[in-house]
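Chemist: Okay, handing you the structure first.
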Amino acid sequence: MKFELIQQLTFIIGTIAVASGFFKWLLEYSKKIQGERIKTFLKINDDFISNREFANIIELLDIDSVELTRIGVHEKFRFLRFYETIAIYLKTGLIQKDIAFYMFGYYAIQCRNSINFWNNINIDSPYWHLFNEFSETMAAMEETIQAENEIKLKLKF
């Protein structure tokens with residue numbers, strides 16, 4: 001009887017030790033993945049900010065400048081591919097939707113709505129489906145946020 005009790009206690013203690021080790025590993029793995037996501041995000045953000053071509057396009061998108069018509073297609077393709085990369089990161093869970101919106105949504109929307117940017121590119125081409133999907137998602141988020149802010153303002157007064 002005593003031997004069986006010791007056997008059962010040993011089994012219970014061993015199971016608890018294995019389970020706690022597994023949960024500790026799971027927690028550490030989760031932290032590691034989160035750290036990798038942060039590194040990925042910071043690299044993406046750094047690439048975006050430090051790219052001179054993008055800085056020029058962004059400045060021109062703010063006012064939908066006619067100068068956008070003078071930018072070569074390859075520069076525009078690089079800009080669009082950057083946003084498609086963000087869309088892929090979003091779809092795969094590397095970045096969260098609200099972070100993608102906060103950091104990259106505004107200029108995706110500006111680009112989508114720009115007449116001058118698309119002067120020499122077919123916006124409806126299937127090649128830009130991912131960009132269009134991303135910019136539409138960002139525009140929908142912007143509309144939701146604006147609607148929520150209007151409701152908050154109405155409630156304050």
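Derivation of every value follows stated rules applied to the coordinates shown; laboratory data play no part. Computed from a predicted model, the values in this text were never measured in an experiment. Using ideal geometry, Cβ is built from the backbone for each residue, glycine included, and neighbour counts are taken over all protein chains shown.
Chemist: Convert 37 °C to kelvin, take the viscosity as 0.692 mPa s, use the Kirkwood radius over C-alpha pairs of region 58-125 as Rh, and evaluate the Stokes-Einstein diffusion coefficient in µm²/s, rounded to a whole number. It would help to have the intermediate numbers written out before the result.
Modeler: On the way: Rh = 12.6 Å.
It comes out at roughly 260 µm²/s.
Chemist: Report, in debye and to the nearest 20, how large the dipole of region 16-122 comes out about its Cα centre when Lys and Arg carry +1 and Asp and Glu carry -1 on their Cβ.
Modeler: Numbers: 14 positive and 12 negative charges, 104 e Å.
Charge dipole of region 16-122: 500 debye, to the nearest 20.
Chemist: Per residue of region 124-129, in order, report the coupling 6.51 cos²θ - 1.76 cosθ + 1.60 (Karplus, θ = phi - 60°) as ³J(HN,Hα) in whole Hz, putting x for Gly and Pro.
Modeler: 8, 4, x, 5, 9, 4
Chemist: Separate question: Spelling out what I want: for every residue of region 64-76, take phi, set θ = phi - 60°, compute 6.51 cos²θ - 1.76 cosθ + 1.60 (Karplus), and round to whole Hz; glycine and proline get x.
Modeler: 6, 5, 4, 4, 4, 5, 8, 6, x, 4, 5, 5, 5
Chemist: Which order do Phe3, Phe79, Phe48, Phe23 fall in if you start with the one that has the fewest other Cβ atoms within 10 Å?
Modeler: Numbers: Phe3 7, Phe79 23, Phe48 19, Phe23 10.
Least crowded to most crowded, the residues run Phe3, Phe23, Phe48, Phe79.
Chemist: From the backbone phi of region 37-48, what are the Karplus-calculated ³J(HN,Hα) couplings (6.51 cos²θ - 1.76 cosθ + 1.60, θ = phi - 60°) in whole Hz, Gly and Pro given as x?
Modeler: Listing the rounded values in order: 5, 5, 4, 4, 4, 4, 5, 4, 4, 5, 4, 5 Hz.
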